[in-house]
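Remarks on the structure that follows.
Quick note: the coordinates plus some simple rules give every number you see, no bench work behind them. Remember, predicted model here, so these are calculated numbers, not experimental data. Cβ placement follows ideal geometry from the backbone for every residue including glycine, while neighbour counts extend to all protein chains displayed.
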Amino acid sequence: MKVGEYLQTEPNVDSTKSRTESNQTNKSASTENSKTNAKDQSRIRELQTIDASVRAHEAAHLAAAGGLAKSGANFTYTKGPDGKLYATGGEVSIDISKADTPDATIQKMARVRAAALAPADPSPQDRGVAAQAAQTSAQAARELAQYNRQGKPTRAAKTQGHNLDLSV
């Protein structure tokens, strides 16, 4: 028997009761389906909001990073109840190595810091990268001051840094 289909097995008096029970069962099943659908729709809306936020966050990093971005954004996905994939995490890899000179390093670290803090809501990882860029910039400023006092580059000025990822 299909849901909503009525099968009469008793005389009219009982069939009214059966019809009523059948209608209550159908209403109950319909209510459960609408609750499930409402729950699924709520989750889908939540995932859509997260997806938009993650994509905007990573786009802000990319826009501010310019040539320092090593690639496009990489996303982590969650499958929604509708079967679609929604971005729920992401990262943009940024080159945070020192430049060839202290002056260039200071300028580069300013761009790294701007890229790390570009989103409206920087993550703890973003803030960490910005702090590391500030430290690298301060070290380069000390090297530049030493160079200006001595007239020669320091050993640290010649050392190259490394790369980090900016993650949500």
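Just in the stretch 79-143: which trypsin sites (Lys or Arg not before Pro) are loop by DSSP and have at most 16 other Cβ atoms within 10 Å? Spell out each step's value before the answer.
Details: sites: LYS79, LYS84, LYS98, LYS108, ARG111, ARG113, ARG127, ARG142; in loops: LYS84, LYS98.
Sparse-neighbourhood loop trypsin sites (Lys or Arg not before Pro): LYS84.
Based on C-alpha coordinates, I'd like the Rg and Dmax of the stretch 77-138, in Å.
Here Rg and the maximum Cα pair distance are 15.8, 53 Å.
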